[in-house]
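Worksheet: one structure, shown below.
Every number here is computed from the coordinates shown, using simple stated rules; none is lab data. These numbers were taken from a predicted model, which means no experiment stands behind them. Cβ atoms come from the backbone with ideal geometry, glycine included; neighbour counts cover every protein chain shown.
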Amino acid sequence: MKGLSIFTISAAILCILLSTNTLLAQELRCNISINSQQVQGTNKQVYTTLQTALNEFVNKRTWTRHVYQINERIECSMMITIQEQSGADEFRGTIQIQSRRPVYNSSYNTVMFNYLDQNFNFRYVEYETIELNESSHQSNLAAVIAYYVYVILGLDYDSFSPLGGTEFFAKAERIVNNAQNSSDRGWKPFEARANKSRYWLIKNILDKRYEPVRQFIYRYHRLGLDVMYAKVNEARNEILDALQLLQGVYRQKPDPYLHFMNVVLEAKADELVNIFSEGLPEEKNRVFQILTEIDNSNLAKYKKITGQQ
C-alpha cells in the first residue's frame with residue numbers, strides 16, 4: 001500500500017508538472033473585445049459569449065513549439081466591431097489588431113503591428129467551440145483570428161533574430177491558401193483596393209523582394225531599441241542606417257502599393273519622431289529626407305523631427 005501511495009503521489013506531481021509546462025507554452029496575452037453598438041435589436045448575450053470564446057481560443061491554445069514564461073507572453077489586442085448581424089449566426093464587421101514588444105532593460109513597449117481589417121465576415125453559433133482546422137477552411141472566424149496570431153508571432157520573432165518569424169508567416173500563408181475556394185472576403189488577390197488585404201500582406205511578407213523590410217525589423221528592434229538604454233547615439237545611428245533598407249525597397253518598388261512596408265512604417269511613425277527629435281542636426285536631416293521619400297503620407301508628423309510646423 002505504501003508503494004502504491006508513493007506511485008500515486010509521483011503521478012500527481014508529474015501531472016502538475018505537465019500542466020505547468022502546458023501553461024508556460026502559451027505565447028500570447030491577448031485582450032479580445034467585441035463592440036456591438038452598431039447592431040440594434042439583437043441578442044446581446046451572444047456577443048459576450050463570443051468574446052469569452054475568442055479569448056479562450058487565442059490565450060489557451062499553444063501556437064508554437066517553444067516554451068514561454070508568463071512574463072514573456074506577447075501583449076496584443078483585437079477589437080472586433082460588429083456592423084451587421086444577418087440571421088441568427090451571420091456577422092459582418094471589422095477587426096483592429098495591435099501587438100506590442102517590450103524594449104530591453106526598460107518599461108517601454110513598442111508597437112509592432114497596428115492593423116485594421118475591414119473585410120471580416122463570419123458565422124458563429126452561441127456556445128459552439130471555436131476550432132481551427134489547419135488543413136482546410138472550415139471556420140472563417142477561426143481562420144482570421146489564427147491568421148493574425150501567426151502574423152503577430154512572425155513579426156515578434158523577426159524582431160529578435162533575422163527572418164526568425166518565417167515558420168509563422170508560412171502558417172499564415174497556409175491559412176490564406178486554404179481559403180482560396182471560399183466565399184469569405186479578404187483572402188483573394190483581386191478583392192482589395194491598393195492591395196490592402198490579408199492575401200497581399202502575407203504575400204508581401206514572404207516575397208524575397210521585401211526581405212529588407214524584415215531585416216529592418218530585426219535591426220530596428222534588436223540592434224536599435226534594445227541597446228538604447230546603454231548606447232543612445234549608437235542605437236539611433238543603427239536605426240538610421242536600417243531605414244536605408246526601407247528606402248531601397250521603396251526605390252525598387254516590388255509592387256505599386258508596398259502594403260507590408262507601409263504597415264511597418266505606420267506602426268513606427270510616431271516612435272521615429274520621438275527617437276530622432278533628440279538626434280544631432282545631421283541625423284535629423286538625413287532621417288527626414290528618407291522618411292519623407294518613403295512615407296510621405298506621414299509628412300506632417302516627420303516635420304516635427306526638424307522642428308518644422
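Table for the structure above
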| quantity | calculated |
| --- | --- |
| Cα gyration tensor, the range 134-241 - rounded (a/c under 1.5), prolate or oblate | prolate |
| Long-range HN-HN contacts of Asn31 with modeled amide H, under 5 Å | Cys76, Ser77, Met78 |
| Residue-by-residue Karplus 3J(HN,Hα) for the range 227-238, coefficients 6.51, -1.76, 1.60, Hz, glycine and proline x | 10, 5, 5, 10, 9, 4, 5, 5, 5, 5, 5, 5 |
| Cut-off of 10 Å, at most 15 other beta carbons, DSSP loop: longest stretch of the chain lacking such trypsin sites (Lys or Arg not before Pro) | 74-230 |
| Fraction of the pair-distance distribution of the chain above 28 Å, Cα-Cα pairs, percent | 46 |
| Phe113 long-range amide H proximity, modeled H, under 5 Å | Ser99 |
| Of Asn237, Pro212, Pro281, farthest towards positive along the dipole that unit charges on Lys, Arg, Asp, Glu beta carbons give the range 207-309 | Pro212 |
| Cα gyration tensor category, rounded, prolate or oblate, for the range 207-309 with a/c compared to 1.5 | oblate |
| Derived scalar couplings ³J(HN,Hα) [the range 296-304; Karplus, 6.51 cos²θ - 1.76 cosθ + 1.60; whole Hz; x for Gly, Pro] | 5, 5, 9, 4, 4, 5, 5, 4, 5 |
| Under 14 Å from the Cα of Lys301 - aspartates and glutamates, other chains or at least 8 residues apart | Glu266, Asp270, Glu271, Glu293 |
| Whole-angstrom gap from the range 241-290 to the range 81-113, using each part's C-alpha centre | 24 |
| Too-long pairs where the Cα-Cα distance tops 24 Å, listed order kept, from Lys203/Lys253; Lys268/Lys304; Lys60/Lys203 | Lys60/Lys203 |
| Estimated vicinal HN-Hα couplings, Hz - the range 63-71 in sequence order (Karplus 6.51, -1.76, 1.60; Gly, Pro = x) | 9, 9, 8, 9, 9, 10, 6, 4, 6 |
| Rounded Å value of the spacing that divides the Cα centres of the range 174-224 and the range 33-73 | 24 |
| Amide H within-cut-off set for Gly164, under 5 Å, with H built and near neighbours excluded | Asp158 |
